[in-house]
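All remarks here apply to the structure that follows.
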Amino acid sequence: MRTPRILILGVAATALIGAVSTGTAPSSRSAPQQIPAATTTTTTLLTHPGKILAGNCFQCHGTDGINGTFEGIAGESATELYNELKELQTTTEADEAIMKVHANGYTDEQLRLIADYFSKVPTSVRK
C-alpha cells in the first residue's frame, strides 16, 4: 500500500514546526541558509527555484504568469519585474495594497528568483 504524498508532506511539516517550536531547529544565527542562485540554462522551469515562490502570483496573474485576471508577467524582463516588486514594497497607493503585502513577504533574493522564473516562461501560449 502506498502512503499518500499529502500524508508524508503533512508529517514532514509537523516535524519541522515541532523542531522550530522546541528550539531544535537550526538557529537563524548559524551560517546563512544557501538560497539557490538564479537558474542556469540547464535548469528547467519545472525545477526552477523561483517557481514555488511564485505560486501566490498565479492566483491573479495566471498559472506561470499567463492568462490571469490581471496583467500577464511571463516573459517580462527579470530586472524590470524585480524593480517593480521592490517599488511595491514601499508603495502608498491604495490600489496596490495587496501587492505591497505580497512583495513584503519575500527577501530580496527570493524576489530575484521569482523575477528570474517569470522572465524565463515562454509567452508563446499567452492569449
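Filtering region 87-109 to residues that are under 18 Å from residue 60 (Cβ atoms) and either in contact (Cβ under 8 Å) with a residue 60 or more places away in the chain or part of a helix (DSSP H, G or I) (or both) leaves 87, 88, 94, 95, 96, 97, 98, 99, 100, 101, 102, 103.
Of everything in region 51-98, what is farther than 20 Å from residue 122 by Cβ, among the acidic types (Asp, Glu) and modelled with pLDDT of 95 or more? Give them in sequence order. Those that are farther than 20 Å from residue 122 by Cβ, among the acidic types (Asp, Glu) and modelled with pLDDT of 95 or more: 84, 87.
The values are calculated or read from the model by the stated rules, or taken from the named source; none is laboratory data. Just so we're clear, the structure is a prediction, and the values are computed from it rather than from any experiment. Note that we place each Cβ from the backbone using ideal geometry, even for glycine, and neighbour counts take in every protein chain shown.
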